[in-house]
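Engineer: Sharing a structure below in structure tokens format, with a few things to ask.
Here, each number is a calculation from the coordinates, and none is a lab measurement. Just so you know, these numbers come straight off a predicted model, no measurement behind them. As a convention, Cβ positions derive from the backbone with ideal geometry for all residues, glycine included, and neighbour counts pool all protein chains shown.
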Amino acid sequence: MNAPMKSARRSTNVSLAANLVAEAKALDINLSRACEAGLEAALKEERKRRWQEENREAAEAWNVWVEENGLPLERYRQF
């Protein structure tokens, strides 16, 4: 996919488990960056889930077509 675009940073409040915050500080982990990375991962996963749901019928139709007709250009496969 595309590289993430640099965006203006926005201050926000989040509630985190105290034990996780303490351990992150003890390990010198940047909480803002860690939260941002987690949010990016959650966004990516949700986009993927939604794309799959929105395109489920097309994928199923393609699978049926391949089962009935075989893969296009299959005769050229070398494996």
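Engineer: Grab the DSSP H runs of the chain that are 4 residues or longer, score each as -39,500 (n - 2.57), total them, divide by all residues and round the 222 nm result to the nearest 500 deg cm²/dmol.
Structural biologist: Taken over the chain, the calculation gives -19500 deg cm²/dmol.
Engineer: Along the charge dipole of the chain, pointing to its positive end and built from +1/-1 on Cβ of Lys, Arg, Asp and Glu, which listed residue (78, 12, 64) has its Cα farthest out?
Structural biologist: 12
Engineer: With angles folded into 0 to 90 degrees, how steeply does helix 31-54 sit against the dominant principal axis of the chain? Use alpha carbons for both and round to 10.
Structural biologist: 20
Engineer: Rounded to the nearest 20 Debye, what is the dipole magnitude of region 18-70 about its Cα centre when Lys and Arg each give +1 and Asp and Glu each give -1 at the C-beta?
Structural biologist: Numbers: 8 positive and 12 negative charges, 68 e Å.
Once rounded to the nearest 20, the dipole reads 320 debye.
Engineer: Assuming a viscosity of 1.002 mPa s and a temperature of 20 °C, what translational diffusion coefficient in µm² per second does Stokes-Einstein assign to the chain, Rh being the Kirkwood radius over Cα pairs? List each step's numbers first, then the result.
Structural biologist: Numbers: Rh = 17.3 Å.
In µm²/s, the coefficient rounds to 124.
Engineer: Test of understanding: given the chain, find the longest segment containing no trypsin sites (Lys or Arg not before Pro) that are in a DSSP loop and have at most 16 other Cβ atoms within 10 Å.
Structural biologist: 11-76
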